[in-house]
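Each remark here refers to the structure printed beneath this line.
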């Protein structure tokens, strides 16, 4: 299972509640581009329209720019493959205030490109500050313990 792209901002900006896995409907040239590591999940999100899940605003640059169709949009909406029961449960959960679907990473499994996304709750600015302060305090303690020996 090779990780192709990772959304670093997701774990900083959101509190992850539960994760899900979905396949993505892609064109052949998009698959080639993703497998060479050219995928950006920054600023992207998952939405549900007409009982179908879509990945919005994920950037997949052209694999070979001169051989691409003229109307190719690198940030187009891409349909996600989920079971109807999963979609209906996600619809119910996203109706709650403050919950959203955020893509975490893209990876391959058995030659297929999969997307891991999470049901998440947005963090407040104070939560982010507290996390940074706790991380710095932990580093300081580890440095002091290292120097004590």
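What does the convex hull of the alpha-carbon atoms of region 56-112 project to on average, in nm²? Result: 5.9 nm². Computed over region 3-123, relative contact order equals 39 percent, with contacts defined as Cα pairs under 8 Å that lie 6+ residues apart. Relative to the longest principal axis of the Cα atoms of the chain, the long axis of helix 84-94 makes an angle of roughly 50 degrees.
Distance from the C-alpha centroid of region 107-124 to that of region 37-106: 10 Å, rounded to the whole angstrom.
Suppose R0 equals 30 Å. What FRET efficiency, 1/(1 + (r/R0)^6) with r the Cβ-Cβ distance, do residue 85 and residue 126 give to the nearest 0.05? Efficiency for this residue pair is about 0.20. Once the chain from residue 142 to residue 17 is taken as fully extended at 0.36 nm per residue, the excess over their C-alpha distance is 42.1 nm. Across the alpha-carbon set of the chain, the Rg to Rh ratio works out to 1.08, Rh being the Kirkwood radius. Would region 65-149 count as rounded, prolate or oblate if I go by the C-alpha gyration tensor, calling it rounded below 1.5 in a/c and otherwise prolate when a/b exceeds b/c, oblate otherwise? Prolate, because a/c is 1.5 or more and a/b exceeds b/c. Taking the longest Cα principal axis of the chain as reference, the axis of helix 125-148 is set at about 50 degrees.
Taken together, the values in this text are just the output of simple stated rules run on the coordinates, not laboratory data. Please read all numbers here as calculations on a predicted model, not as lab measurements. Methodologically, a virtual Cβ is constructed for each residue, glycine included, from the backbone with ideal geometry; neighbour enumeration extends over all protein chains shown.
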